[in-house]
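One structure is given here, and the rest of the page talks about it.
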Amino acid sequence: MFEDLSRKLDGVLRRFRQRGLLTEPMIREGLREVRRALLEADVNFRVTRTFLKRVQEKAMGERVLKSVSPGQQIVKIVHDELALLIGADDEVELQWSPAPPTVIMLVGLQGSGKTSTAAKLAKRLKRQGRAGLLAACDLYRPAAVDQLRVLGGQVGVPVHNEDGATDPVEVAGGAHRRARQMKAGVLIVDTAGRLQIDEPLMDELARLKEVLKPREILLVADAMTGQEAVRIAQGFDRVLGLTGFVLTKMDGDARGGAALSIRGVTGRALKFIGTGEGVDALEAVDPQRIAGRILQKGDVVGLVERAQAVVDSGEAEALHNKVLGKGRFTLEDFLVAMRQVQRMGPLDQLLKMIPGMSRSLPVGEIDPRKMKHIEAIILSMTPEERRRPEILNGSRRKRIARGSGRPVSEVNRLMKRFTEMEVMLKQMKGLTPR
């Protein structure tokens, strides 16, 4: 996400950083390029104009122009203003009702990802110790209720649905009563969508709001729709008074214009982003960290959170003992570690969260298929060969190559790198205090 904008801004800001002295004409010229980058990223033109006005006012100040490193000062100004475009820190947090359950209504057009987002949010809140209930109030889309029930089973959160029901408001009322009875901390309501905003949809959502009195009304929008998402947000906000929004499919949006535009147009903050299809692929928004990602500063905290969410703690401890404790790190262990990394998300996404890595490894050079090739090679080995790779002679390597459908040269390259890794791990063990 944000790849195009990130690359263009990095080019402009790098030129700022490289200059020991900046003049007002230099700053104006650089900001014209920033403006072009934002508009090409599909950021709303009014939002772009306001953003640049604030940056220019601060960048032209005497404190910046006469500082030891004016370029770095401007980078910080751009970073802070990007964070404000997304939302203030106190805006992006979910608000909780004084008496449970806290009701969260998810609204949006059909196909935006409301149902899967409901399950992802329920799982995320469950990990935080907030027991929840999902309410299936989309009674129009075929199989919508069944989809939510399946997803609820996957994330371990109960789903309230009423067979044969025709009025979503009655279903919502029943779900609210059940949530109180089971002392659920949160009730997440999946509502119906349409192919476009229409009066019957808005009337139904207004009735749901009146009955449920939700603490949060979150618009779920598809990031790939760009400026259309802004128009949709305005329509829902006028009728319902949104409290925030969720952008799905951010992993497929290289521009990111919707994420930087909706708050500027509606005043509502971005609270969550969907980064994939898995039930763990929902990230809470931290404006400072998102701005850091856009400016290629990485997001180590986000990387750690992903690891904590998907990596099996038992497997991780066993690998840690192999790497720094007793025992040999084998190809079987390597396969376990590689699968843990794959569960965290696409490799290109993970590398961008490591500071500086996106510059040293351009996106085009990252081929996720190579991970599958390595996995195929290791799975074509016998258990004994994985445990004792030193027995892999020429004939065994040819057999493994045939079984994996990869050339012998790839098998040899993998074994060379694994041998180098073994040497490095032995050195690390030698440096580890006993």
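The values are calculated or read from the model by the stated rules, or taken from the named source; none is laboratory data. What you see is a predicted model, and the numbers here were worked out from it, not measured in a lab. Heads up, the Cβs are rebuilt from the backbone with ideal geometry, glycines too, and the neighbour counts pull from every protein chain shown. Side chains are part of the model used for accessible areas, which takes the heavy atoms of the whole protein and leaves out ligands, DNA and RNA. Shrake-Rupley method; radii C 1.70, N 1.55, O 1.52, S 1.80 Å.
Could you compute how much accessible surface residue 7 exposes when probed at 1.4 Å, giving the result in Å² to the nearest 10?
We get 140 Å² for residue 7.
With a 1.4 Å probe and every protein chain left in place, work out the accessible area per residue of segment 104-236 in Å², rounded to a whole number.
Per residue, segment 104-236 has 43 Å² of solvent-accessible surface.
Could you pull out the pairs from 120/209; 120/249; 8/372 whose alpha carbons sit more than 20 Å apart here?
Beyond 20 Å between Cα atoms: 120/209; 8/372.
Please work out how much accessible surface residue 48 shows to a 1.4 Å probe, ignoring ligands, DNA and RNA, in Å² rounded to 10.
Here the residue's solvent-accessible area equals roughly 0 Å².
Could you please state, rounded to a whole Å, how far the C-alpha centre of segment 240-276 is from the C-alpha centre of segment 37-112?
12 Å
If packing is taken as the mean number of other Cβ atoms within 10 Å per residue, what is the order of 24-31, 110-117, 137-144, highest first?
Descending mean neighbour count gives 110-117, 137-144, 24-31.
Could you give me the ³J(HN,Hα) list for segment 330-339, computed from phi with Karplus coefficients 6.51, -1.76, 1.60 and θ = phi - 60°, whole Hz, x at Gly and Pro?
Taking θ as phi minus 60°, the curve returns 9, 5, 5, 5, 4, 5, 4, 4, 5, 5 Hz for segment 330-339.
What length, rounded to one decimal in nm, is gained on full extension from residue 197 through to residue 328, with 0.36 nm per residue of separation minus their alpha-carbon distance?
Value of the extension gain: 41.1 nm.
Roughly to the nearest percent, how much of the accessible area of segment 1-123 is carbon and sulfur, given a 1.4 Å probe?
For segment 1-123, the apolar C and S fraction of the accessible surface comes to 50 percent.
Pairs of alpha-carbon atoms within less than 8 angstrom and 6+ residues apart define the contacts here; what relative contact order does segment 218-296 have, in percent?
That works out to 28 percent.
To the nearest 0.05, what FRET efficiency results for residue 57 and residue 19 with a Förster distance of 22 Å applied to their C-beta separation?
0.60
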